[in-house]
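See below for the structure under consideration.
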Amino acid sequence: MKLLLVHPSPLMYSEIYLRLEPIGVERVAAAALAAGHEVRLLDLQIFSHSDLWREIEEFRPHAVGFSVNYLANVPEIIDLAKAIKNARADCFVFVGGHSASFVAEELLEHGTGAIDCVLRGEGELATPILLEALGDRQLGKVPGVVTVEGSGPPPPLLLDLDRFPPARHLARRRHKYFIGVLDPCASAEFTRGCPWDCSFCSAWTFYGRSYRQSSPEAAAEELAGIQEPNVFIVDDVAFIHPEHGFAIGRALEKRKVKKAYYLETRTDVLCRNREVFAYWRRLGLLYMFLGLEAIDEEGLKAHRKRAHVDTNLEALEVARELGFTVAINLIADPDWDTRRFEVVREWALSIPEIVHLTVATPYPGTELWHTESRRLTTLDYRLFDIQHAVLPTRLPLHKFYQELVKTQGVLNRKHLGVAALRQTAGIAARLLAQGQTNFVRMLWKFNKVYNATRQYEEHFRPVRYALRPPRRAGVMPPRAELYVHDPRAANA
C-alpha cells in the first residue's frame, strides 16, 4: 500500500528559533516500511501546499496520514483533509499525533467525513495495523482508532524504543533543519515519557506517566549513522537516570562519534546528576534548554514544577561552571501587569542566559484545561500556540501584547541581530561558506514575526473551527480519565 505521511507547517515560535526534524513521523514511517508498505514523507515546515498536491498527483497514495502534535495546526490539517477527499474520494485520510489524541472526536466532527479516523497514542504499532485493516474496512479492531462509529481497543505503548529507528532517508532537504547555531541539525530520541506531572504539561497524561529508554548500543548506533554534525536530543527530560547517559556516551566513544549536542532537562535533574552532564560536555554537549517556568516560589508551586527557586539558581551556576550555553523558558501569566513584566525583564537582563517567554495556555490533555476552561476567552485552535493569550489578561489585551513583545525584544537583543552576529561572526561565516543560512536568517527575523498589533488582531479573525470545552468545565476529573495510554501498559 502507498502511504504518504505529512507533517504540518511551522508555528510562530519555530519561524525564528528552530525547525526540527519530524522524528516522530519518521519512526511511524519506519514501522510502515517494515510492514512492507511504500512510504513517502512530506514536511510542510519546509515544503509548500503546492508540493503536497504535486506529491499526491505523482505518488497517488492509497492513504494520507497527518501528524498533529500542535493544536494550532488543526485548522490547516482539516482544510487539507477536505481538499484531498474532494480531489480523491478513494484516498483514506487519517490523523495522529500528540494533540490529535486529546481532540479526536472533535477532529472527526470538523472534518465532516473528510477524516476517516484518528489514531490516538503512539503511532508505530498502530499504523501498520490500520493499513492492514483498510482492506476489509474493519477499523474497529485497530488499537487507538477513533471513527464516527466509535473507538477501538486502547492504544499500545512501544515498549522497545530500538525497534523502529527513524526513516531519515525519507526526509528531504535535511539541510533545512536547525536549532540556533546548530545548523544543520538532526534529532534523536534516547527516552520517551516523563515521570513528573506539571499542571501545564500534557506529556505525562499522553504517556500515562510511563518512562522508557532505548538501549545504549542502539542509541549510539543510530547517532553514528546520522550525517549531520549536530543533534538535538528530543527527550522531555534528558538524563533522568545518569547510568543510561553514561552508557550511551561510552558506546559513542567506542564508535568515535563526534557531534555537537543540544538537549532539554530539568534544573533538579541537572543538579542531582551533574557528573553525567559534565561527561557529555566532553562528548560535545554545548547547549541546554531549562524550563524554569517561574522566578519565584509562588509561580513554581502554581505550575507544580516540584522544584524550588534555590534549585533553579543552583542549576544555572552548574551549567555556567560546566561551560554550557543555556536557554531558559519562563511562562508569562496573563495576569501579569506592567510592573511584573518589568521585574521579569530586570531579572532576565541580570543573567547571561538566553530567556524565552511563553504564554500560559490550558491545552487539552493538561490539568489546566479542566480547571481553567471556564475562563477561556477564545476557542480558536490557531491561538493555542503559547504565543497568544487565551485566558483573560489583567492588562488590556493589546497592552499585554505590547509588554510581552517589549520584554521578548529586550531579551532577544542580547542574542539576536547585530549583538549576536558580533559574538558569532566566525560561526556565521563558516555556516554561510557551507551553504547553511538558517542561523543567519534567524538573527533578523524577530521584528518580522513578533508584533503586538499582529498578535492582537489575530484574535479577531473569523473562526471556522473552534475547540470544544470539557464536558465538566472547571471540574478536575479522576487522573485515569486524563491518560491516553494506560499507565499499566508500561509494566505489562
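Could you figure out which of (1) farther than 26 Å from VAL148 by Cα; (2) within 14 Å of the chain's Cα centre (by Cα) isn't true of PHE59?
(2)
Which ranges mark the helices (runs of 4 or more DSSP H) fully within segment 274-326 that have 2 or more residues being assigned by TED's automatic domain parsing to the domain that holds LYS258, under 23 Å from the mean Cα position of the chain (by Cα) and in contact (Cβ under 8 Å) with a residue 40 or more places away in the chain?
297-303
What pairs can you find where one residue is in segment 75-104 and on the phi > 0 side of the Ramachandran plot, the other is of a type in the set (Val, Ile, Thr) and modelled with pLDDT of 95 or more, and their Cβ atoms are less than 8 Å apart, with a gap of 6+ or different chains?
GLY97/VAL68
Based on what the data block shows, is ILE16 in contact with an Asp or Glu (Cβ under 8 Å, 6 or more places away or on another chain) and in contact (Cβ under 8 Å) with a residue 60 or more places away in the chain?
It is false that ILE16 is in contact with an Asp or Glu (Cβ under 8 Å, 6 or more places away or on another chain) and in contact (Cβ under 8 Å) with a residue 60 or more places away in the chain.
Within segment 98-113, which residues are β-branched (Val, Ile, Thr) and crowded, with 21+ Cβ neighbours inside 10 Å?
VAL103
Scan segment 159-186 for residues that are in contact with a Gly (Cβ under 9 Å, 6 or more places away or on another chain) and either surrounded by fewer than 22 Cβ atoms within 10 Å (Cβ to Cβ) or among the basic types (Lys, Arg) (or both) and report the count.
Counting residues in segment 159-186 that are in contact with a Gly (Cβ under 9 Å, 6 or more places away or on another chain) and either surrounded by fewer than 22 Cβ atoms within 10 Å (Cβ to Cβ) or among the basic types (Lys, Arg) (or both) gives 3.
Take the residues in segment 125-143 that are closer than 16 Å to ALA63 by Cβ and of a type outside the set (A, V, I, L, M, F, W, C), then tell me which one is modelled with the lowest pLDDT.
Within segment 125-143, the match that is modelled with the lowest pLDDT is ASP136.
To keep it simple, each residue is scored yes or no on (1) more than 28 Å from CYS117 (Cα to Cα); (2) polar (S, T, N, Q); (3) in the same structural domain as GLU122 (by TED's automatic domain parsing).
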position: PHE164; (1), (2), (3): no, no, no
position: ALA167; (1), (2), (3): no, no, no
position: PRO184; (1), (2), (3): yes, no, no
position: PRO195; (1), (2), (3): yes, no, no
position: ALA203; (1), (2), (3): no, no, no
position: ARG209; (1), (2), (3): no, no, no
position: SER214; (1), (2), (3): yes, yes, no
position: GLU217; (1), (2), (3): yes, no, no
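When ASP51 is evaluated against the numbered criteria (1) under 25 Å from ILE179 (Cα atoms); (2) in contact (Cβ under 8 Å) with a residue 24 or more places away in the chain, which criterion, by number, is the only one it fails?
Of everything listed in (1) under 25 Å from ILE179 (Cα atoms); (2) in contact (Cβ under 8 Å) with a residue 24 or more places away in the chain, ASP51 misses just condition (2).
Rundown of residues vs (1) touching a residue at least 12 places away in the same chain (Cβ under 8 Å); (2) farther than 18 Å from TYR279 by Cα; (3) out of contact with any strand residue (DSSP E or B) (no Cβ under 9 Å at 6 or more places or on another chain), yes/no style:
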| residue | (1), (2), (3) |
| --- | --- |
| PHE206 | yes, yes, no |
| ARG209 | yes, yes, no |
| GLN213 | yes, yes, no |
| PRO216 | yes, no, yes |
| LEU223 | yes, no, no |
| GLN227 | yes, yes, no |
| ASN230 | yes, no, no |
| HIS244 | yes, no, no |
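Considering only residues that are within 23 Å of LEU330 (Cα to Cα) and in a helix (DSSP H, G or I), which ones fall in segment 246-268?
Result: THR267, ASP268.
When GLU124 is evaluated against the numbered criteria (1) under 27 Å from LYS82 (Cβ atoms); (2) buried (at least 16 other Cβ atoms within 10 Å of the Cβ), which criterion, by number, is the only one it fails?
Condition not satisfied by GLU124: (1).
Considering only segment 2-22, I want to know if a residue exists there that is within 18 Å of LEU125 (Cβ to Cβ), buried (at least 18 other Cβ atoms within 10 Å of the Cβ) and not small (Gly, Ala, Ser).
Yes - at least one qualifying residue is present in segment 2-22.
The values are calculated or read from the model by the stated rules, or taken from the named source; none is laboratory data. Because the structure is predicted, anything quoted here is derived from the model rather than measured. We place every Cβ from the backbone using ideal geometry, glycine too, and count neighbours over all the protein chains shown.
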